[in-house]
Amino acid sequence: MKKTLYSISALLLMGGLLTSCLNDALEVENQSSFDGKKVFSQYQTAEFAVIGIGEIFAHTNSYNARLNHMYGYNTDIELKMGSQASDAKVDEYTLSEYNTKPDNGSLDTSNNGYNEIMIGIERANLAIQNLRAYGNTTNNRDMAYLLGEALTYRALYYYELIKMWGDVPLHLEPLTSATLYDPKAERDDVYAAMLADLDTAIPLLYWPYEATQTMRTDRMNKAFAMGLYARIALNAAGYAWRPADGKTGTGDPGSLRLSTRETMSKAELYPKALAYLKEVIDSGSLSLDPSFESLWHKFNDFSHVTASREVMFVQPFGNARGRWNYAHAYPHTANSPFIKDKSSKGGATGPNPTLWWKYEKQDVRRDITCVPMRWNQDVENEDGTKGGWEMRNASSFYWGKYRYEWMIDYPGGTGDGCKPIVMRYADVYLMAAEIAAWTGDLDYAKICLKEVRKRAYKGNEGMVDAYVDALTAGTAVNSDDAAIDDFETEGTIMKAIIDERALEFAGEFLRKQDLIRWGLLTKKLNQARDDMKDLACMRGNYADYAKLTEPKDFKNSKNVVIATFDTYYAFWRQKGQGIEIFGLEKDEIGKTPAGYNSEADNGGWNRLDFLSQGIFHQVPSGKATEETYKDEKSYRWMYFYNNDFNDPYPRSTWPLFRHNLSNAQGSLVNDFGYANL
């Protein structure tokens, strides 16, 4: 059955493997070998087909080993570790630093993510067409659910395509030789089609935990479809780098703007989006996990697939596919007992170091999200053994949400089976807060914001009430530019929501799209650049650390001192499966922990040169010179983005890659200046 079902999809690599001879083959496949009635008139085979729509997530050059850890950063809070100055893989750094080229060595392949998602859309189109023809969806509730699931998959995949590539061809029917080489559609047409798909799908889907199909979060459900509607609406009504109207697919340079269509305005899209979000909240089908930490234990041991009322949908990986923790977990060196082999893993991305200071001390999310540590085989333990946790300096914060030691069935190797969360209930609250503020319902916006914040301040809920109750509407009501106007204005609801989404979803890679749609991508990256420099130089908000420093020499590979910087020292010791830190809180600066008298009499504490300008230097020691330490282009804060535009927006979407273009029979053209590369 599977061979029959995907005989068409195997051909449809959408420009990667397509040649003109496939036109005839496509017609033959549609007319003969695909028996839609046989597959889609019976629930079991139809269900297999619909589940198969999500199988493309597990393809190596799709989300498995590419898209999940090559898109979503750099933002003001999420960074790829290192930079082009660190002399690492240039192709990967151009992706993160908003300078991707059509011949990018990591993504310019015949089976790249664009092609794979298009295969997923073709599978969805086949399922939708045949379920409508043969599934008796009017009278069979389960068949209707499958139709809703296929429609929701199609909407999700097109959202992902727009997010990463901007304007793309729109196919709402299975491909034929006549439509195979369709040009790009205006993204507003794609948005409209996907919102219509979700309007159709939502009545057909089951609520979470209402039916057997929705007892798992790797299947579509009504709440997720409603949340996806809101997510798409927020993006459709927001800012993006767009071609001029009518110029899509012509090589147009584009500009930062809103849609000019009334149907894509906030006034048109927000009311229905908010109604859907309120319906999810009022349904009682979901709830926040009582503990922020337990939520991430569930992620790492995979129980978020069946035992989380907060998680709404996850990418449907098998337990040995996907490389999420492989890329995003905090690092483990070789021989860690938690990774089951002799290779190093984790640490490809991490928080912007300044993020740790954005949380208040009472916010439990801070020490779960931002961890300056790794597991190192060379750590010397008090009992004479080796191997354990150690603190890293301020340039090496990592994600504490993703941890190998919290996994249960990790098989070893690169495939860790982690199932990335596409949406969780906290996002419903914060999207509802943002849209409600726009409508002028400040009270409802505050109620939703409090729901998320009170979990973060468990035991200190009074702080939440005091903070949220004092918020004002600012410029939020009926404004397209509230985020731009208020992102630096303390005490406004929009700034509070911008900040809260950073604190809640850091490391989940929603931020890039948020910044783009708010019109804040350049502004927030510039703000983050300046903030990181302030941290490194211990000035501004970080000036207290500069009061208690010692000089530290920085040496080249020949052990020659080539720079000296004032350095702040902190303390750490192993505690459980992690570390305890002393010296970073404001009331600890310049003090020593109890029991620490000297390096010889340390009470189990270790002293670490934690913060200075020198630790943000990116040039490898073998190439470091006195001149590179003086050159600001050698420092990490210069690489939030790095392109000829001196602006991330013109490169905020990727180009179609050469494999896509060369096999598209001239039907596809890159906009935004990519056509000249």
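The values are calculated or read from the model by the stated rules, or taken from the named source; none is laboratory data. Predicted, not measured: the structure shown is a model, and the values here were computed from it. Don't worry about glycine lacking a Cβ; one is built from the backbone with ideal geometry, like all the others, and counts go over all protein chains shown. Areas reflect the complete protein model, heavy atoms only, side chains present, ligands, DNA and RNA absent. Shrake-Rupley method; radii C 1.70, N 1.55, O 1.52, S 1.80 Å.
Brief remarks follow.
- Some residue of region 597-611 being out of contact with any Ser or Thr (no Cβ under 7 Å at 6 or more places or on another chain), polar (S, T, N, Q), closer than 29 Å to residue 88 by Cβ and surrounded by fewer than 18 Cβ atoms within 10 Å (Cβ to Cβ): yes
A quick yes/no check of all residues on (1) of a type in the set (S, T, N, Q); (2) open to solvent by less than 10 Å² (accessible area, probe 1.4 Å); (3) within 23 Å of residue 243 (Cβ to Cβ):
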| position | (1), (2), (3) |
| --- | --- |
| 110 | yes, no, no |
| 113 | no, yes, yes |
| 120 | no, yes, no |
| 137 | yes, no, no |
| 170 | no, no, yes |
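- Members of region 560-588 that are within 14 Å of residue 367 (Cβ to Cβ), in contact (Cβ under 8 Å) with a residue 60 or more places away in the chain and either among the acidic types (Asp, Glu) or open to solvent by 40 Å² or more (accessible area, probe 1.4 Å) (or both): 577, 581, 585
- The listed residue being under 19 Å from the mean Cα position of the chain (by Cα), among the aliphatic types (A, V, I, L, M) and crowded, with 16+ Cβ neighbours inside 10 Å, out of 273, 327: 327
- Screening region 369-451 for strands (runs of 3 or more DSSP E) wholly inside it with 1 or more residues that are within 30 Å of residue 612 (Cβ to Cβ) returns the ranges 373-380, 386-391.
- Residues satisfying the stated conditions in region 578-590, i.e. in a loop (DSSP other than H, G, I, E, B) and either modelled with pLDDT of 95 or more or acidic (Asp, Glu) (or both): 578, 583, 584, 585, 589
- Hits in region 216-247 (condition: open to solvent by less than 20 Å² (accessible area, probe 1.4 Å) and outside any helix (DSSP H, G or I)): 217, 220, 221, 237, 238, 240, 242, 243
- Output for region 144-160, where each listed residue is farther than 25 Å from residue 113 by Cα and surrounded by fewer than 24 Cβ atoms within 10 Å (Cβ to Cβ): 144
- The residues on offer are 385, 472, 369, and the sole one that is surrounded by fewer than 20 Cβ atoms within 10 Å (Cβ to Cβ), among the hydroxyl-bearing types (Ser, Thr, Tyr) and in contact with a Leu (Cβ under 9 Å, 6 or more places away or on another chain) is 472.
- Within region 579-615, the residues that satisfy the criterion of being touching a Phe, Trp or Tyr at 6+ places or on another chain (Cβ under 9 Å) and of a type in the set (D, E, K, R) are 580, 588, 591, 607, 609.
- Residue count, region 189-205 (criterion: open to solvent by 20 Å² or more (accessible area, probe 1.4 Å) and touching a Leu at 6+ places or on another chain (Cβ under 8 Å)): 3
- Residue satisfying all of: in region 550-559; touching a residue at least 12 places away in the same chain (Cβ under 8 Å) and out of contact with any His (no Cβ under 9 Å at 6 or more places or on another chain); surrounded by the most Cβ atoms within 10 Å (Cβ to Cβ) among these: 556
- Any hit, region 484-491, residues being farther than 18 Å from residue 239 by Cα, of a type in the set (Val, Ile, Thr) and assigned to a helix (DSSP H, G or I): no
- Residue in region 600-610 that is under 21 Å from residue 556 (Cβ atoms) and either in contact (Cβ under 8 Å) with a residue 40 or more places away in the chain or under 27 Å from the mean Cα position of the chain (by Cα) (or both) present: yes
- Region 613-636, residues that are more than 17 Å from residue 354 (Cβ to Cβ) and hydrophobic (A, V, I, L, M, F, W, C): 619, 624
- Test: residue 363 is in a loop (DSSP other than H, G, I, E, B) and not small (Gly, Ala, Ser): yes
- In region 509-549, the qualifying residues are those that are open to solvent by 20 Å² or more (accessible area, probe 1.4 Å) and part of a loop (DSSP other than H, G, I, E, B), and the one that is nearest to residue 399 (Cα to Cα) is 509.
- Cβ pairs under 9 Å, 6+ apart, first in region 262-290 and of a type in the set (Val, Ile, Thr), second open to solvent by 70 Å² or more (accessible area, probe 1.4 Å): 281/451
- Test for residue 279: is it touching an Asp or Glu at 6+ places or on another chain (Cβ under 7 Å), open to solvent by 20 Å² or more (accessible area, probe 1.4 Å) and assigned to a helix (DSSP H, G or I): no
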